[in-house]
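Remarks on the structure that follows.
The values are calculated or read from the model by the stated rules, or taken from the named source; none is laboratory data. Only a predicted model underlies this, so the values are computations on that prediction, with no experimental measurement involved. Counting neighbours? That spans all protein chains shown, and the Cβs are built from the backbone with ideal geometry, glycine included. Remember, those area values only see protein heavy atoms, side chains included, never the ligands or the DNA or RNA. Shrake-Rupley method; radii C 1.70, N 1.55, O 1.52, S 1.80 Å.
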Amino acid sequence: MATTLKRIFSDKTFLFTFVLALLSLIFGMVRTSDIDLKTILALLSLIILISIFEILGILKYFAAFIIDKCQNLRQVALVVLLLSFFGSMFFTNDVAILTLVPIVFNINRKVKLPKIGLISLMTIYANLGSAITPIGNPQNLYLVSYYHLKILEFFKLSLPLGLVSLLTLFLCALLFSKKTVKQLENKVFSIKKRDLYLLGFTTLIVLLGVLALIPVWISLIASLVCAYLIEKKVYQEVDYGIILTFINFFIIVGALGRIPLIHDWLHQLMNNDLSIFFTSILSSQIISNVPAAVLLSKFTGQLSPLYLGVTIGGLGTLVASLANLLALRQYQLNVKDQSTLKFFGFFTLLNFLYLLVFIGIGILFLRYY
């Protein structure tokens, strides 16, 4: 318990957002409804589940499997990026990041990877891939529900952007070296049948909760019980700091949305497709694309520019998408050196480069839509 508390209160990201959240509370611009409890519970259940996978050595096994099937670094990078892109479509961008970043670090222990660049690109393509399906991210689920969108109407919006995104993925994979990957002798992986069945069932329950097909509290209970039955040490390994950071973040975002100046400013800006598109992008950079989608939908009936704006707006700043925060957090947890600041700098630079490219693509798509 003491170790867990020490880890939380030495977490600079948590402490910084905690101070901002306290200021929001002091000025009285916060409501309890600002905290998205479903997201918090879903994230906690996912983190517990991934911790179980890590402790059992399953992530190391997947890392070795990827190395075994690839002949060079470029193929390793391409496989990881494709897993991030397509995995996020069905299991959300958050799940893709939480699952794949630890696998990349496990691969890196065996084969030297440009991990900063690869994880940065993984996050970008998790955000872009998740935009293709209604269940890929929370803002898609919200927009489909709010605008009463049929599935075919949604895919008419998302598939063109998805195809362009996939093309850029293959192009950026060419930037990675074709240095041969030395094939390693894989250690025999074994797991008790009871643990395997229990973990498989728990994974299914957690994913159903994340996708809102069952109440999310059932997912949390399932992950807690699974950890208790398989390895109680998981409770100490869980990253509670990121959960508390997300709570702080929701409080801050809720407070920003209630500032009259910002509210009036948004109302004036949302008057045509181009202004909706750019307002969505700008808002996402400040308050994240999920809250931006919820906030701006109240000001417009035009879905296309809003969808493009909050999707492309997930690129850019660290807070533009919650998956970006998770990527930084996963990097912090897995490095033993002082390269987090370097990661942050490269990650931000690359995200803004992609943001500029996709703003241009988005403007072209606005004419198509």
* **Single condition ASN351 does not satisfy, out of (1) under 28 Å from LEU44 (Cα atoms); (2) at pLDDT below 95** => (2)
* Asked: Which ones in segment 134-154 are surrounded by fewer than 20 Cβ atoms within 10 Å (Cβ to Cβ) and part of a loop (DSSP other than H, G, I, E, B)?
  -> PRO134, ILE135, TYR147, HIS148, LEU149, LYS150
* **All positions within segment 132-175 that are in contact (Cβ under 8 Å) with a residue 24 or more places away in the chain and among the β-branched types (Val, Ile, Thr)** => ILE132, THR133, ILE135, VAL164, THR168
* Asked: In segment 300-337, which residues are hydrophobic (A, V, I, L, M, F, W, C) and touching a helix residue (DSSP H, G or I) at 6+ places or on another chain (Cβ under 6 Å)?
  -> LEU306, LEU308, VAL310, ILE312, LEU315, LEU318, ALA320, ALA323, LEU326, ALA327
* When you go through (1) surrounded by fewer than 17 Cβ atoms within 10 Å (Cβ to Cβ); (2) under 20 Å from the mean Cα position of the chain (by Cα) one by one for PHE53, which number turns out not to apply? -> (1)
* To do: Having 1 or more residues that are over 29 Å from TYR368 (Cα atoms) and touching a Gly at 6+ places or on another chain (Cβ under 8 Å) is the bar; report the helices (runs of 4 or more DSSP H) wholly within segment 236-326 that clear it.
  => 260-269
* Asked: Looking at (1) open to solvent by 20 Å² or more (accessible area, probe 1.4 Å); (2) modelled with pLDDT of 80 or more, which is the only condition ILE252 fails?
  -> (2)
* **In segment 224-249, residue modelled with the highest pLDDT [restricted to those that are hydrophobic (A, V, I, L, M, F, W, C) and loosely packed, with under 15 Cβ neighbours inside 10 Å]** => VAL225
* Asked: Can you find even one residue in segment 40-47 that is within 28 Å of PHE250 (Cα to Cα), modelled with pLDDT of 75 or more and surrounded by fewer than 19 Cβ atoms within 10 Å (Cβ to Cβ)?
  -> yes
* Asked: Of (1) open to solvent by less than 50 Å² (accessible area, probe 1.4 Å); (2) aliphatic (A, V, I, L, M); (3) part of a helix (DSSP H, G or I), ILE214 satisfies all except one. Which?
  -> (3)
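Listed here are the residues, each with its yes/no results for (1) modelled with pLDDT of 85 or more; (2) surrounded by fewer than 23 Cβ atoms within 10 Å (Cβ to Cβ); (3) on the phi < 0 side of the Ramachandran plot; (4) in contact with a Leu (Cβ under 6 Å, 6 or more places away or on another chain).
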residue: ASP264; (1), (2), (3), (4): no, yes, yes, no
residue: ASN272; (1), (2), (3), (4): yes, yes, yes, no
residue: PHE278; (1), (2), (3), (4): yes, yes, yes, no
residue: VAL290; (1), (2), (3), (4): no, no, yes, no
residue: VAL294; (1), (2), (3), (4): no, yes, yes, no
residue: LYS298; (1), (2), (3), (4): no, yes, yes, no
residue: LEU303; (1), (2), (3), (4): yes, yes, yes, no
residue: LEU308; (1), (2), (3), (4): yes, no, yes, no
residue: GLY314; (1), (2), (3), (4): yes, no, yes, no
* Structure fact -> For segment 193-203, the count of residues that are open to solvent by 70 Å² or more (accessible area, probe 1.4 Å) and either among the acidic types (Asp, Glu) or modelled with pLDDT of 90 or more (or both) equals 1
* Of all the residues that make up segment 155-184, how many are over 24 Å from ALA126 (Cα atoms) and either open to solvent by 40 Å² or more (accessible area, probe 1.4 Å) or within 24 Å of the chain's Cα centre (by Cα) (or both)? -> 5
* So which of TYR240, TYR228 ends up being without any contact (Cβ under 8 Å) to a residue 24 or more places away in the chain and among the aromatic types (Phe, Trp, Tyr)? -> TYR228
* Please work out which one of (1) open to solvent by 30 Å² or more (accessible area, probe 1.4 Å); (2) closer than 16 Å to ALA126 by Cα is the condition PHE346 fails and give its number. => (2)
